[in-house]
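Presented below is the structure to which this report refers.
Derivation of every value follows stated rules applied to the coordinates shown; laboratory data play no part. Bear in mind that the values here come from a model prediction, so they are computed numbers and not experimental data. Backbone-built Cβ (ideal geometry, glycine too); neighbour counts: all protein chains shown.
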Amino acid sequence: MDKFKKNTRTFFDKIAEGIRLEKRKPEDEASKLELAKVDNFLSLPQKSSIIELGCGIGRFVMYFLKRGYQVTGVDISRKSLNFLNQRSQKEGLNKNLKLVLNDFQKPVFEKKFNAGLCISTFHLLASKEEERIKILLNLYKSLKPDGMLLIIEPNPLNIFFYPFYFFHPKTQWNIEKHFLKSNEKNLRRIFRRLGLKDIKVDYFGFLPNRLINVFPFVNKINYNLNKMPLVKKFSAFIFIRGVKQ
């Protein structure tokens, strides 16, 4: 494992350990909106099989487990997976969950899943784009024919990410900086290179989504901005999905 991945693993191990020591809080309004947006964008049939690469402590894994999906979570942080395993057992949801400690440099599954997710993680997979694409190809290979691949990435055109990544105590610029390559044009190019069809792009947020918990009207502002053809290009997150041929 190279230095970048070691640093990333160590960083997320520390995050998981910190969260483990905190008192669990219910999902806030901002989180509910984000989770619902992902669910609606995917629109998967019930009981579909999902794999999430870079699942972390399982925010999206737990959401889909509660909705009856079969979920496989993959991550390089053992402490994150341990936390997710304990939480799923505590909530009685571990029956439909499989956890895998792996960096996906080599194919792990073949033609097994209805959907593959990589949520705010693609830019963290490796320090070089070709390595990131190689890992994404292995996620692609894990999909059944007509399976769906979804990537969600922070938008480098959104100005609010820069102070966040530079100054927030739970981020590190040397790890996050590769999100600068996650613009819509490049993500579309990568999806076409993988051979995905029916590629669709959407946007989410503009002002920091967490503000909704304090100022509910921010949700309406973001919603309206996401509908404006030019302004939406500067939204907080880019959603892109495609179908395996």
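Numbers below:
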quantity: Filter result (within 21 Å of Leu35 (Cβ to Cβ) and part of a loop (DSSP other than H, G, I, E, B)) within region 228-244; calculated: Ser235, Ala236
quantity: Filtered residues of region 68-100 (kept if closer than 14 Å to Thr8 by Cβ and either surrounded by fewer than 18 Cβ atoms within 10 Å (Cβ to Cβ) or of a type in the set (S, T, N, Q) (or both)); calculated: Ser77, Arg78, Ser80
quantity: Residues being farther than 17 Å from Ser235 by Cβ and crowded, with 17+ Cβ neighbours inside 10 Å - total across region 142-160; calculated: 5
quantity: Pairs, first in contact (Cβ under 8 Å) with a residue 60 or more places away in the chain in region 58-79, second acidic (Asp, Glu) and not in a strand (DSSP E or B), C-beta under 8 Å, six or more apart; calculated: Ile76/Asp103; Ser77/Asp13; Arg78/Asp13; Lys79/Asp13; Lys79/Glu17
quantity: Residues satisfying the stated conditions in region 137-171, i.e. closer than 30 Å to Ser43 by Cβ, among the aliphatic types (A, V, I, L, M) and not in a strand (DSSP E or B); calculated: Leu137, Leu139, Leu157
quantity: Count of residues meeting criterion [touching a residue at least 60 places away in the same chain (Cβ under 8 Å) and within 16 Å of the chain's Cα centre (by Cα)] in region 80-113; calculated: 2
quantity: Residues (in contact with a helix residue (DSSP H, G or I) (Cβ under 9 Å, 6 or more places away or on another chain) and either under 22 Å from Leu44 (Cα atoms) or not polar (S, T, N, Q) (or both)) located in region 78-94; calculated: Arg78, Lys79, Leu81, Phe83, Leu84, Arg87, Ser88, Glu91, Leu93, Asn94
quantity: Pair list, Cβ under 6 Å, 6 or more apart: region 150-166 residue within 17 Å of Glu184 (Cβ to Cβ), other residue β-branched (Val, Ile, Thr); calculated: Ile151/Ile240; Ile152/Ile119; Glu153/Ile238; Asn155/Ile238
quantity: Condition broken by Glu17, with the remaining ones in (1) among the charged types (D, E, K, R); (2) in contact with a strand residue (DSSP E or B) (Cβ under 9 Å, 6 or more places away or on another chain); (3) not in a loop (DSSP other than H, G, I, E, B) satisfied; calculated: (2)
quantity: Filter result (aliphatic (A, V, I, L, M) and not in a loop (DSSP other than H, G, I, E, B)) within region 172-217; calculated: Ile175, Leu180, Leu187, Ile190, Leu194, Ile199, Val201, Leu211, Ile212
